[in-house]
Amino acid sequence: VQLQASGGGLVQAGGSLRLSCAASRPTFRNYFMAWFRQAPGKEREFVAAVTASADNTYYADSVKGRFTISKDNDKITVYLQMNSLKPEDTAVYYCAARRPPGYYSTRSSLYDFWGQGTLVTVSS
């Protein structure tokens, strides 16, 4: 497994969770990283992304101001801090990586590696 996602769980609306995505190889330090999510019966959608050097971040409008993506290149890990969670945030969350010179994209088909997903359930 090259990307290992963790941190999902059950939380009440308004609560917080932090997801982690640990990469197995140091080369992932050079990869553009992102989080996607897929709710039951819906297509996979972009959530947030961070550049390889962690100097730029991108967010879907639906999570802007509530979620924060970060990258620790020493630990080769990407995080997604999720605050003020809403029931509509309920989904399986996936981390993804694009090989260099991967650029920002919300299209899941352009990402080369995927984690196994971690379930986030937000109760009302």
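Taking the accessible area of the chain, probe 1.4 Å, and keeping the other protein chains in place, the carbon and sulfur fraction comes to 47%. Full extension of the chain between SER108 and ALA13 yields a length gain of 31.5 nm, computed as 0.36 nm times the residue separation minus the alpha carbon distance. Across segment 1-69, the relative contact order, built from alpha-carbon pairs under 8 Å that are at least six residues apart, equals 21 percent. Take the Cβ-Cβ distance between ARG25 and SER124 as r, set R0 to 30 Å, and report the resulting FRET efficiency rounded to the nearest 0.05. Result of the calculation: an efficiency of 0.15. Annotation: per residue accessible area for segment 12-124 equals 50 Å², rounded to a whole number [probe 1.4 Å, protein chains only]. The trypsin sites (Lys or Arg not before Pro) found in segment 18-121 that occupy coil by DSSP, while having at most 12 further C-beta atoms within 10 Å, are LYS42, LYS64, LYS75, ARG107.
The values are calculated or read from the model by the stated rules, or taken from the named source; none is laboratory data. Keep in mind that what you see is a predicted model, and the values were worked out from it rather than measured. Virtual Cβ from ideal backbone geometry, glycine too; neighbours counted across all protein chains shown. For accessibility, only protein heavy atoms count, side chains too; no ligands or nucleic acids. Shrake-Rupley method; radii C 1.70, N 1.55, O 1.52, S 1.80 Å.
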